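The values are calculated or read from the model by the stated rules, or taken from the named source; none is laboratory data. Model, not experiment: these values are computed from the prediction. In this analysis, Cβ positions are derived from the backbone assuming ideal geometry, glycine residues included, and neighbour counts consider all displayed protein chains. SASA here: full protein model, heavy atoms, side chains in, ligands and nucleic acids out. Shrake-Rupley method; radii C 1.70, N 1.55, O 1.52, S 1.80 Å.
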Amino acid sequence: MLHNAPMSSVLLIFIDGLGIGARSPQNPLYLLGERAAPLAVFADQTTKEVWNGGRMARTDARLGVEGRPQSASGQTTILTGINAPLLRGQHKQGFPDQPLRALLHEYSIFVRLQQRGIGPNTFANAYTHRFFQERPRWVSATTVAVEAAGLPFRTLEELRAGRALFHDFTNAELIARGEGVEIRSAEEAAEILARLAAQHRFTLYEYFLTDRIGHAQDMDTAQRTLEQLARFVRRTIAAVDLGRTTIIVTSDHGNIEDLSTHNHTLNDVPTLAWGAGCELVAERVRSLVDIVPVVLELLVAR
């Protein structure tokens, strides 16, 4: 690699509860048609090609363990490259317990990149003042992973300054809570995420309204939210320098793709990729265990 060549980077967008479902009236992604691109991947789809030159890898979220995949163990697997439910003997819902937190502290992608001298790296999500003032007992896998590497958490002040996104990138949820922030369009939020990706070697953004809506089985809200999320992803792809950056979109388990049930599904999840390393992602990713190794491969040698 030439000394003056731009360093490669990876933007990982984690979407909670997005599976590969059937072309069914119970699948809001199917009902949205082209408005759901590139998030709509279907069980009968044979091609790896997706919107705008992207690639898709069907990704096993069950990980060889009986039962429905769950958030805590699936997210821990995505963030560490360790098969957390197999190691634990079962899927773990909600927030990571002590064994999962121990895995995240030792093996999280942020820690592993730090150990290799690769950075700067960041978590794009902003935290509210309440998080800092009243530290909750149970925190997400992403929070544990960021904390394990000693990285700073982004604040609402940074969000207002255009240097962070809330998990609801429109800020509607923050406004409903009475926070003094402005509403953002999907496109405005995408531009912020693209700028952060340009400034870091590895950037993670987490979105979990999809899982919440899937549990609620709310078709109208599901369609509205997924259309907005698809716009956000499309604009991010357009705004990022794909010659330098690989964008990876993945999930921890299925849910919103089948509103006939309020439970998580047993479906595979889509891992979608655009940019410099998209072919490598499509070739290497077979289960959630493979996300961290492919990120490391994309960043270590380039």
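Being hydrophobic (A, V, I, L, M, F, W, C), open to solvent by 10 Å² or more (accessible area, probe 1.4 Å) and touching a strand residue (DSSP E or B) at 6+ places or on another chain (Cβ under 7 Å): is that true of L209 here?
Details: hydrophobic (A, V, I, L, M, F, W, C): yes; open to solvent by 10 Å² or more (accessible area, probe 1.4 Å): yes; touching a strand residue (DSSP E or B) at 6+ places or on another chain (Cβ under 7 Å): no.
No: the conditions fail for L209.
Listed residues L204, L242; which is assigned to a loop (DSSP other than H, G, I, E, B) and either more than 18 Å from A37 (Cβ to Cβ) or open to solvent by 20 Å² or more (accessible area, probe 1.4 Å) (or both)?
Numbers: L204 fails: assigned to a loop (DSSP other than H, G, I, E, B).
So the residue among L204, L242 that is assigned to a loop (DSSP other than H, G, I, E, B) and either more than 18 Å from A37 (Cβ to Cβ) or open to solvent by 20 Å² or more (accessible area, probe 1.4 Å) (or both) is L242.
Considering each residue of segment 12-33, count those that are of a type outside the set (G, A, S), open to solvent by less than 60 Å² (accessible area, probe 1.4 Å) and assigned to a loop (DSSP other than H, G, I, E, B), and give that number. Give the steps one after another, and end with the answer.
Step one: of segment 12-33, the residues of a type outside the set (G, A, S) are 12-16, 18, 20, 23, 25-32.
Filter once more, keeping what is open to solvent by less than 60 Å² (accessible area, probe 1.4 Å): 12-16, 18, 20, 27-29, 32.
Keeping just the survivors that are assigned to a loop (DSSP other than H, G, I, E, B) gives 16, 18, 20, 27.
The number of residues fulfilling the criteria is 4.
Please work out if I237 is of a type outside the set (F, W, Y), open to solvent by less than 10 Å² (accessible area, probe 1.4 Å) and part of a helix (DSSP H, G or I). First the steps, then the outcome.
Values: of a type outside the set (F, W, Y): yes; open to solvent by less than 10 Å² (accessible area, probe 1.4 Å): yes; part of a helix (DSSP H, G or I): yes.
It is true that I237 is of a type outside the set (F, W, Y), open to solvent by less than 10 Å² (accessible area, probe 1.4 Å) and part of a helix (DSSP H, G or I).
Pick out, from segment 56-150, the helices (runs of 4 or more DSSP H) lying fully within it that include 1 or more residues that are at pLDDT 95 or above and surrounded by fewer than 22 Cβ atoms within 10 Å (Cβ to Cβ).
Working: elements: 71-80, 84-88, 98-107, 109-115, 129-133, 141-148.
Where helices (runs of 4 or more DSSP H) fall fully within segment 56-150 and carry at least 1 residues being at pLDDT 95 or above and surrounded by fewer than 22 Cβ atoms within 10 Å (Cβ to Cβ), they are 84-88, 98-107, 109-115, 141-148.
How many of the residues in segment 179-191 are open to solvent by 10 Å² or more (accessible area, probe 1.4 Å) and either outside any loop (DSSP other than H, G, I, E, B) or touching a Cys at 6+ places or on another chain (Cβ under 9 Å) (or both)?
To start, the set of residues in segment 179-191 that are open to solvent by 10 Å² or more (accessible area, probe 1.4 Å) comprises 179-185, 187-188, 191.
This time we only want the ones that are either outside any loop (DSSP other than H, G, I, E, B) or touching a Cys at 6+ places or on another chain (Cβ under 9 Å) (or both), so: 187-188, 191.
Residues in segment 179-191 being open to solvent by 10 Å² or more (accessible area, probe 1.4 Å) and either outside any loop (DSSP other than H, G, I, E, B) or touching a Cys at 6+ places or on another chain (Cβ under 9 Å) (or both): 3 in total.
Specify the residue that is most open to solvent (accessible area, probe 1.4 Å); the eligible residues are those in segment 245-264 that are assigned to a loop (DSSP other than H, G, I, E, B) and more than 11 Å from D16 (Cα to Cα). Break it down into steps so the answer makes sense when it comes.
First, pick out the residues of segment 245-264 that are assigned to a loop (DSSP other than H, G, I, E, B): 251-253, 255-264.
From what's left, more than 11 Å from D16 (Cα to Cα): 257-263.
Numbers: E257: 5, D258: 46, L259: 10, S260: 73, T261: 31, H262: 98, N263: 57 Å².
Only one residue fits best here, namely H262.
Of the residues that sit in segment 219-234 and are touching a Leu at 6+ places or on another chain (Cβ under 8 Å) and over 23 Å from N52 (Cα atoms), which one is surrounded by the most Cβ atoms within 10 Å (Cβ to Cβ)?
Ranking the qualifying residues of segment 219-234, first place goes to A222.
Out of everything in segment 35-55 that is under 24 Å from Q217 (Cβ atoms) and open to solvent by 60 Å² or more (accessible area, probe 1.4 Å), what residue ends up being farthest from the chain's Cα centre (by Cα)?
Selected residue: D44.
Kindly indicate whether Q45 is under 23 Å from S108 (Cα atoms) and not hydrophobic (A, V, I, L, M, F, W, C).
Working: under 23 Å from S108 (Cα atoms): no; not hydrophobic (A, V, I, L, M, F, W, C): yes.
So Q45 does not fit the description; no.
Which one of these does S9 not meet: (1) within 24 Å of L196 (Cβ to Cβ); (2) open to solvent by 10 Å² or more (accessible area, probe 1.4 Å)?
Only one criterion in (1) within 24 Å of L196 (Cβ to Cβ); (2) open to solvent by 10 Å² or more (accessible area, probe 1.4 Å) is unmet by S9, namely (2).
Answer yes or no: is there a residue in segment 265-285 that is open to solvent by 10 Å² or more (accessible area, probe 1.4 Å), in a helix (DSSP H, G or I), β-branched (V, I, T) and touching a helix residue (DSSP H, G or I) at 6+ places or on another chain (Cβ under 6 Å).
no
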